[in-house]
Protein chains: 2
Amino acid sequence: MYVSINNQLFSQEEANISVSDLSVQRGYGIFDFLKTINYKPVFLEDYLNRFYHSAKEMHLPVPFSRTELQEAIEGLIDKNNIPNSGIKIILTGGYSEDGYTMSKPNLVIVQSPLEINEHYAGNGVSLVTYNHQRQIPHVKTIDYLQAIRLQLFVKERGAEDLLYHQNGFIRECPRANFFIVTEKEIVTPNSEILKGITRSKILSLKIDGYTIVERDFKLEDVYKAKEAFISSSTKNAFPVYQVDGKQIGDGQNKIAKLVNGQLLELIKLNQEQVADIKV
Amino acid sequence: MYVSINNQLFSQEEANISVSDLSVQRGYGIFDFLKTINYKPVFLEDYLNRFYHSAKEMHLPVPFSRTELQEAIEGLIDKNNIPNSGIKIILTGGYSEDGYTMSKPNLVIVQSPLEINEHYAGNGVSLVTYNHQRQIPHVKTIDYLQAIRLQLFVKERGAEDLLYHQNGFIRECPRANFFIVTEKEIVTPNSEILKGITRSKILSLKIDGYTIVERDFKLEDVYKAKEAFISSSTKNAFPVYQVDGKQIGDGQNKIAKLVNGQLLELIKLNQEQVADIKV
């Protein structure tokens, strides 16, 4: 498995950066994560747009042009030869002499095999809520302090993931957006969150009998929802069968499965429009 | 300049870690920072206590015993031969296979020359306030996303550092605690902050005519304070001559200088009790 660092390829064993990097010294960096299916990146333009947006918001100049970045991604896909993968593009604060001042950012691209977890896609996941507002939520920073610190907390409660709320207002999961289904609506929070690419695709869907809306809601709305689901690049849409130990809906997850099906269609359409990288 | 990684010494050029480390992937790590004067660590026990406390709070097992850690620090002091220095001990989430799950932490110790900035010690610093509550504030994590992102903001306002408040309640600077002086009190915030070692030493001082107290106060109390100062290992106590462009007090900084002098005495006393590492 090769890793690209500043657009040079390294074997995994040699994929190192100096401990003076601001990611190590101060947790300073942004990233993005996209997937490939059959060697083709899915919604590449959307992910690159967000990556450049995050970089700008954190005052990190991307040391390569968009074309160079795209070529680096394609080079990695070609070299590693993994058809279905996740590609993570990290941009750090760079090597800092005093361990505090930003310098020239380092660009790291890693690829790893990725298949959608069919068990969770079919049976859903269990979430446990936690009162926490992510800082700079609209930017995809590398800050996952709370999520990783709380891994044990989640496990001890027999859950698969966290659902953050701020004083009762639902926000998001650490790596996914959250939706509830009511009588006539599919609703996802609107404030103080990272608005995911998959989330935006879901907002563009048409689901018979339902309007799909962005609007903040509360913890009690979750408990009484007809359904709930989470969305992300690695998940598409996973039903949520339980939150804080309480069962959500009737367990059929009809709408979540409909949404997931439509997402798969969208991805398929996108794939047909993308040229083959690996022939 | 040598760097210790997992208790092995590396030249600065070879002091690298894998990009799979959770600090790079997820900003996950803790650290501590202490100084040496004439080759002797100052208040070493206090800093090691805090380091172990932070590690525990973030579920990071320290991969070496306290004695081994102390020996690593002493080895670095001996090898690098810098009499007055800052020593930073970083503990990261370790090399993670999936870029999310914690693994065996990596311990990195770096040393760099350090002299107190006499200009700031004499003339004071200018601060600019910002509404932000640090997450997990009682733990010394590597999260400085806001502080580094706002470096430009601070510079543009002609200030030297940030002062965080949460909705008007003063908290702390990114790397220092904050104090105000009123008619009869020296007051430092008590809630949702990292309680620094230098702060705790100041709380133990006796200053004629003043009681030194921990109590939350507001932004408007700062603007009308008789004096203000900040404290940290690299600063001892620096007067604050300005906050948000408003001058604080009469510019004499009598109490800040008194506090600073007493801190220097405390450090001197501590130094006399510490055995020579470098002979």
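The values are calculated or read from the model by the stated rules, or taken from the named source; none is laboratory data. Just so it is clear, the structure is predicted and the values come from calculations on it, not from any experiment. Here the Cβ positions follow ideal geometry from the backbone for every residue, glycine too, while neighbour counts run over all protein chains shown. Remember, those area values only see protein heavy atoms, side chains included, never the ligands or the DNA or RNA. Shrake-Rupley method; radii C 1.70, N 1.55, O 1.52, S 1.80 Å.
Note on the stretch B:1-136: dipole from Cβ charges, positive end direction compared against B:Y120, B:N7, B:F33; the farthest Cα belongs to B:Y120.
Normalised by the number of residues in the stretch A:2-113, the average gap of Cα pairs under 8 Å and 6 or more apart makes the relative contact order 39 percent.
Take the accessible area of B alone and of A alone, subtract that of the pair with a 1.4 Å probe, and the total buried over both chains is about 4000 Å². Taking 0.36 nm per residue of separation and subtracting the current Cα-Cα distance, fully stretching the chain between B:L269 and B:K155 would add 37.3 nm. What you get for the stretch B:2-113, charging only the Cβ of Lys and Arg (+1) and of Asp and Glu (-1), is a dipole of about 240 debye around the Cα centre.
The amide H of A:N84, built 1.01 Å from its N in the peptide plane, has A:N38, A:Y39, A:L114 as neighbours under 5 Å, considering only residues 5 or more places off or on other chains. Based on protein heavy atoms only, the protein assembly as shown ends up with 42 Å² per residue of surface accessible to a 1.4 Å probe. Checking the cross-link pairs A:K88/A:K235; A:K79/B:K104; B:K140/B:K201; A:K88/B:K140; A:K35/A:K184 against a 25 Å limit on the alpha carbon distance flags A:K79/B:K104; A:K88/B:K140; A:K35/A:K184 as lying beyond it. Looking only at other chains, what is the average number of their beta-carbon atoms within 10 angstrom of each beta-carbon in A:40-51? Averaged over the peptide's residues, the number is 0. Given +1 at the Cβ of Lys and Arg, -1 at the Cβ of Asp and Glu and no other charges, the dipole of the protein assembly as shown around its Cα centre is 840 debye to the nearest 20. Just to be sure I understand the curve: with the Debye formula and one point per C-alpha of chain B, what is log10 I(q)/I(0) at q = 0.10 Å⁻¹? The Debye formula, applied to the Cα set alone, gives -0.55.
Testing the spin-label approximation: label points 7 Å from Cα along Cα→Cβ at B:K195 and B:E68. State their distance in nm. Taking the two extended label points, one gets 3.1 nm.
Taking the 1.4 Å solvent-accessible surface of the protein assembly as shown as the whole, the part contributed by carbon and sulfur is 48%.
Rounded to the nearest 20, the size of the Cβ-charge dipole of the stretch A:144-279 about its Cα centre is 200 debye, with Lys and Arg at +1 and Asp and Glu at -1. All Cα-Cα separations within the protein assembly as shown were binned at 20 Å from zero, giving a P(r) of 20, 49, 27, 4, 0, each value a whole percent of the pairs. When the charge dipole of the stretch A:152-279 is built from unit charges on Cβ atoms (+1 for Lys and Arg, -1 for Asp and Glu) and taken about the Cα centre, the candidate among A:P189, A:G209, A:L162 whose Cα reaches farthest toward its positive end is A:L162. Distance between the pseudo-spin-label points of A:K184 and B:S103 (7 Å out from Cα toward the beta carbon): 5.3 nm. Averaged over the residues of B:28-34, the number of partner chain Cβ atoms lying within 10 Å of the residue Cβ comes to 3.
The string of couplings for the stretch B:96-103 from the Karplus curve (6.51, -1.76, 1.60, θ = phi - 60°) is 10, 5, 9, x, 9, 7, 5, 10 Hz, one whole number per residue in order, with x for Gly and Pro.
Listed values for the stretch A:78-90 are Karplus-derived 3J(HN,Hα) couplings in whole Hz (6.51 cos²θ - 1.76 cosθ + 1.60, θ = phi - 60°), namely 5, 6, 7, 6, 10, x, 10, 8, x, 10, 10, 10, 10, and x replaces Gly and Pro.
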